[in-house]
Every structure is written in C-alpha cells, then in structure tokens.
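Novice: Next up is a structure, given as structure tokens.
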Amino acid sequence: MKELSSHTMPQFVAAVRLIPAGFAVLAWAALKGRPQPQGAQAWLSILAFGLVDGAGFQGFLAQGLQRTTAGLGSIIIDSQPLTVAILAALLYGEQLAGPGYLGLLIGVAGLSLLELPPTVLQDALPAVSHSLNGVGLDASRLLASAPSVAASTVDVAGDSGLWQNGEWWMLLAAQSMALGTIMVQWVTKKTDPVVAVGWHMVLGGIPLALISAVQESDELIPRLQQLNGGDVAGLLYVSLLGSAASYGVFFYNASRGNLTRLSSLTFLTPMFASACGYFALGETLTPLQLTGAGITLGAVALVNKSDKDS
C-alpha cells in the first residue's frame, strides 16, 4: 500500500483495496447461493461494520502510512489483539488463562524487537543492554546490527499537530480494526458472514472513493496515466488477495471462534513480511530481529495453548 500510494494517492488505494474486493466476495457468495441480507437491521449492522472496519481502518491506515515509519506503524497496528482481548472479555465474556494474556504482551515485545529501529530501542529501553549483557549477549552488537529505518516524514515533536502525527493515525487504524473484529459476531447474527464481509467492503469503500474524488483528483489523474504493469498488478494484489481473500477468511472465522485467539494470529503478519523480504528480495534478518521473531512465535503459541487449556 505504501509503494502504491506514492504512485497514486492514499485514499484511492484504500478505496481500490475495498470496493473491487467486496464485489469479488459477493460474486463468490452468489455462486454458492448464500442469502442476501434481509431487513433494515441487517443492512444497518453491515453499514456500521463497513464504516468502522472498512472506511475507518483503511482510511486511517492510508493516512498513517504517509506520516510514520513502517516499523513503528506496524507495531501499533499489530498490537490491536490487546484491544480485542479487552473488548471480547467485556462484551462476550471470552477469557484466557493468565499465560494467554501474558502471551499477548510478549507478542508486542517480540514485534518491537523485530520491527523497531535500534535507535528507538536504545532510547526507549535503556535497560535492554544491561539485561542482555547479564545473560551473556552483546546488546550493543545486536542493536547496531539492526537495519536503520528512515525517519518519519513528519516531525511529531514539532508544531505539526496531532492530526499530522502518523502514529496517531495508526493508533486509530488499530482500534478500528479491533472494533471491527468485535462487531463481526454481532453482524453475523443478522446475515450470512461471507455476504456481510463483501457488503461491508463495498459500503466502507464508497466514502473513501468520495474523499479521493474530492481531495486527490488533481494529482491522481496524472499519476494514473503513468501507471505501469507492476502498479496494476499491485492494485490487483492488494484488492483480491490483500482484501477479498484475507478479509473473507479472517472474518468468516471471527464469526465462529474465539476472537482473542484468532486476533493473536495477526502478530504473524510482520513475520511473513520479513520472510518474504528475505527470500524474495535478498533482505537480511539481524540477530535482534531473529530474536524478536522467535519471541513472537512463542507468544502466539502461548495464547493459543492457553485458550485451549482453559
């Protein structure tokens, strides 16, 4: 999405990620004979779901990607299982054993080691060096070997204001995603889960398309005229695989199972990204990142094992 946004415009990419994907899911549902929503309550629930998880999550994410570093933004987004766990416990009575909640916190810590630049770790966690040296690890070498990450495009400590803060937009995106996950079980009591996911993408994408038409059209049209085959393939990927397939599978399972356990699997997203970068792009993984990956895997296993044991 970040690469495509630089070739097009952020809200355009967010809309393209949703609307074609929604129609693709609805076409598949029609082929399978799944029923359409019936009644005002069903449509209102899908509309609310679309505004929160579709327009809210994708719109906030598109804004955040322009204003923050990829590593820090990913940490904020992928910490949303913590919000899901709290809301699922309050609204649905879902509970994990103590180790499961500990696993959620460990997962965020693992993501931090995997994705944050070393300067952030050194500034925010001064005790890391002492702790690692205490167990025989050279913390300075681990931190120094981590790849540098470009600074945020906005000086969040300056006078740019809260709404120019990329981390704030990412936090809003994370909470929208968490709330959308919680809403699924409510929405699917009124309509078929696959059909609900399809319509929520279509209805959620329409406001983003309107925003793009109003705010981005002057720059968007010249950029669209310069798109190459790779850009078109990228747009197809983020729509059909990044949304239609992934949203469909995720929310279908969210309508049927434990929300906290399912949400914890999103901790694996940056691990897949790192693995793809390693094998497909020749990127390297430092000892610090490998440590973070191992911690994250252990955290996901802890959450899932705890849930089954409880």
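Novice: Once you list every other residue whose beta carbon is under 12 Å from the beta carbon of P35, what net charge do they have if Lys and Arg are +1 and Asp and Glu are -1?
Specialist: Neighbour charge sum, excluding P35 itself: +2.
Novice: What does the charge count around M201 come to, taking other residues whose C-beta lies under 10 Å from its C-beta (Lys +1, Arg +1, Asp -1, Glu -1)?
Specialist: So the environment of M201 carries a net charge of 0.
Novice: Also, quick follow-up: Order of E167, E219 from fewest to most other C-beta atoms within 10 Å? Before the final figure, lay out the partial values.
Specialist: On the way: E167 19, E219 12.
Starting with the residue having the fewest Cβ neighbours, the order is E219, E167.
Novice: Using θ = phi - 60° and the Karplus form 6.51 cos²θ - 1.76 cosθ + 1.60, what ³J(HN,Hα) does each residue of segment 230-247 get, whole Hz, x for Gly and Pro?
Specialist: In residue order, the calculated couplings are x, 5, 5, 4, x, 4, 5, 5, 5, 7, 7, 9, x, 10, 4, 6, 5, 4 Hz.
Novice: Residue by residue through segment 12-22, which ³J(HN,Hα) values in whole Hz follow from phi under the Karplus form 6.51 cos²θ - 1.76 cosθ + 1.60 (θ = phi - 60°), with glycine and proline marked x?
Specialist: 4, 4, 4, 5, 5, 5, 9, 5, x, 5, x
Novice: Further question: With Cβ to Cβ distances under 12 Å as the rule, what net charge do the other residues near V25 carry (K, R +1; D, E -1)? Intermediate results must be reported in sequence, preceding the final value.
Specialist: Numbers: positive: K32, R34; negative: D192.
Local charge sum for V25: +1.
Novice: If you don't mind, another one. Can you work out the Karplus-derived ³J(HN,Hα) for every residue in segment 38-43? Use 6.51 cos²θ - 1.76 cosθ + 1.60 with θ = phi - 60°, whole Hz, and x for glycine or proline.
Specialist: 10, x, 5, 4, 5, 5
Novice: Assuming a ≥ b ≥ c are the square roots of the Cα gyration tensor eigenvalues, decide whether segment 201-310 counts as rounded (a/c under 1.5), prolate (otherwise, with a/b larger than b/c) or oblate.
Specialist: The shape class here is oblate.
Read-outs throughout are calculated quantities, based only on the coordinates presented, and are distinct from any laboratory measurement. The shown structure was predicted, so the numbers you read here are calculated from the model rather than taken from an experiment. Neighbour counts are summed over all protein chains in view; Cβ atoms, including those assigned to glycine, are modelled from backbone coordinates with ideal geometry.
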